[in-house]
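One structure is given here, and the rest of the page talks about it.
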Amino acid sequence: MDMLSTDSIPYSLPTVESYEPLIGGETVERILAKAERLHDLHVVNVNSTYYGGGVAEILGSLTLLMNGAGIRSGWRVLQGRPDFFSITKKMHNALQGGEINLSDMKQDVYEEVVYENAARMHLDHDLVVVHDPQPLPLIDYFRKKSPWVWRCHIDLTQPDPGLWDYLCGFIERYDAVVLSLPEYAQEISPPQRFIMPAINPFSTTNKGLSDEEIDERLSNYGIPDDLPLVVQVSRFDKWKDPQGVIEAFRIARKEVDATLVLVGNIATDDPEGQEIFESLCQCREERIHILSVQDSALVNALQRRAAVVLQKSIREGFGLTVTEAMWKGTVVIGGNVGGIRHQIEDNVNGFLVDSVEEAASQIVRVLKDHDLRARIGREARETVRSRFLMTRLMEDWLDLFGAFEPHFSLTGKTGHPGWGR
Ligand code: UDP
């Protein structure tokens, strides 16, 4: 079914042209020319949650931007039972350096739920992009006639070897694998590409806000801003080290007065979030606010009003919360890991830390030095403008799609679930 003409619809979506003031006319033209070559290409993305976490944030914006440029980009979400997401979260943890007891029963639940999803998914696209481990086995249930790409967003510096071997049974069937950073490269046969994520500056999370709008969001949640705000925005996940943030804040407060705000949401595919949130709540006090809420406007307001944003992760595939705060000209103190290292250059556009103590001393330093905040904030925003806007991500994907171009004209479609084995 075709959509109605946009003239009759009172909403507009950001297009590549909307980015012209930020990236220049030449870049806009170059991207549109690449999109034109692939006009009407039908692509589907599959992941495991509509909200909560960076993948959902990226897909929400990227698919719309692509459609605006004539690439028919869809987005499907895997439907899973709690036991399925409990297993896939264990896999996620084990891929990031934890351990897993990969029993036959876990493998069965994992593969069976993905099979059920395959049965109702009817993929009939020119290209299929599967995000992260949750939907990875889908490829086993289709007669594959078009290219399939596995896009893994996880920090893969130290995956559990047994789990990786098992997942390779699926990964090896893909035509390409996209990882966020070269250091996540693996010994696998499909060609690997490295594409860093990016943000949409026009989204609710990132668009400009007036002081009144920021005040309104903060007071809605009873967040005081009489003292400088130290903020971390993250899913409630051990890899984000929320406990370390609280410890660092407590040490810093011996020297500077401030309020800590930890905001997190609980994604549908992350069953550990609630437990971690509840355990953190014991740390609440007058100057330590811990909120579990999905409110992108609040995230935006906090990242703008914060004197400093922390992202003290101990593993981080990329870290969009870092990009988002940097875009707002806010100083970020980030864990010296994964994608954070590719965004922050220490002492230039932010700070990298390896311990709670270092985080504490950088909080003190940043809170005491207004000029430092202004200088680092300017550099941070420029870093995002030049490297981490959604148009750059779109162009990277168009280049990858373009590499499959000879294949599109030759192929039929993807077939039907159950026929492929
Ligand atoms: N986010 C949000 N509300 C929250 C916590 C996070 O909207 O309470 C968003 C955040 O703004 C960012 C994404 O979720 O866009 C998190 O992406 P990131 O890459 O930092 O981490 P991930 O959750 O994917 O590990």
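The values are calculated or read from the model by the stated rules, or taken from the named source; none is laboratory data. Since we're looking at a predicted model, the values are computed, not measured. Ideal geometry is used to build each Cβ from the backbone, glycine not excepted, and the neighbour counts take in all protein chains shown. Side chains included, ligands, DNA and RNA excluded: accessible areas come from the protein's heavy atoms. Shrake-Rupley method; radii C 1.70, N 1.55, O 1.52, S 1.80 Å.
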For this session: Exactly one condition in (1) within 12 Å of the ligand (Cβ to nearest atom); (2) crowded, with 24+ Cβ neighbours inside 10 Å is not met by SER296; state its number.
Result: (2)
For this session: Spot the failing condition for THR414; the list is (1) among the polar types (S, T, N, Q); (2) buried (at least 21 other Cβ atoms within 10 Å of the Cβ); (3) more than 28 Å from GLY24 (Cα to Cα); (4) modelled with pLDDT of 95 or more, and only one is missed.
Result: (4)
For this session: Output the residue which, of all residues in the range 329-342 that are touching a residue at least 60 places away in the same chain (Cβ under 8 Å) and crowded, with 24+ Cβ neighbours inside 10 Å, is nearest to the ligand (Cβ to nearest atom).
Result: GLY339
For this session: Inspect the range 17-26 for any residue being without any contact (Cβ under 8 Å) to a residue 40 or more places away in the chain, of a type in the set (Asp, Glu) and either farther than 22 Å from GLU324 by Cβ or buried (at least 18 other Cβ atoms within 10 Å of the Cβ) (or both) and give the result as yes or no.
Result: yes
Exercise. Is it true that LEU320 is within 12 Å of the ligand (Cβ to nearest atom) and in contact with a Pro (Cβ under 8 Å, 6 or more places away or on another chain)?
Worked result: yes
Problem set entry | Number of positions in the range 238-283 that are open to solvent by 80 Å² or more (accessible area, probe 1.4 Å), among the basic types (Lys, Arg) and closer than 22 Å to GLY97 by Cα | 1
Problem set entry | Residues satisfying the stated conditions in the range 234-249, i.e. near the ligand (Cβ under 8 Å from one of its atoms), closer than 12 Å to GLY334 by Cβ and part of a helix (DSSP H, G or I) | LYS240
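Are there any strands (runs of 3 or more DSSP E) wholly within the range 69-152 with 1 or more residues that are surrounded by fewer than 17 Cβ atoms within 10 Å (Cβ to Cβ), and if so which?
72-77
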Exercise. Across the range 361-385, what is the total count of residues that are under 19 Å from ALA252 (Cα atoms) and among the charged types (D, E, K, R)?
Worked result: 4
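Residue by residue, here is whether (1) in contact with a helix residue (DSSP H, G or I) (Cβ under 7 Å, 6 or more places away or on another chain); (2) at pLDDT 95 or above; (3) not in a helix (DSSP H, G or I) holds:
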site: GLU36; (1), (2), (3): no, yes, no
site: VAL46; (1), (2), (3): yes, yes, yes
site: VAL55; (1), (2), (3): no, yes, no
site: LEU59; (1), (2), (3): no, yes, no
site: LEU62; (1), (2), (3): yes, yes, no
site: ASN67; (1), (2), (3): no, yes, no
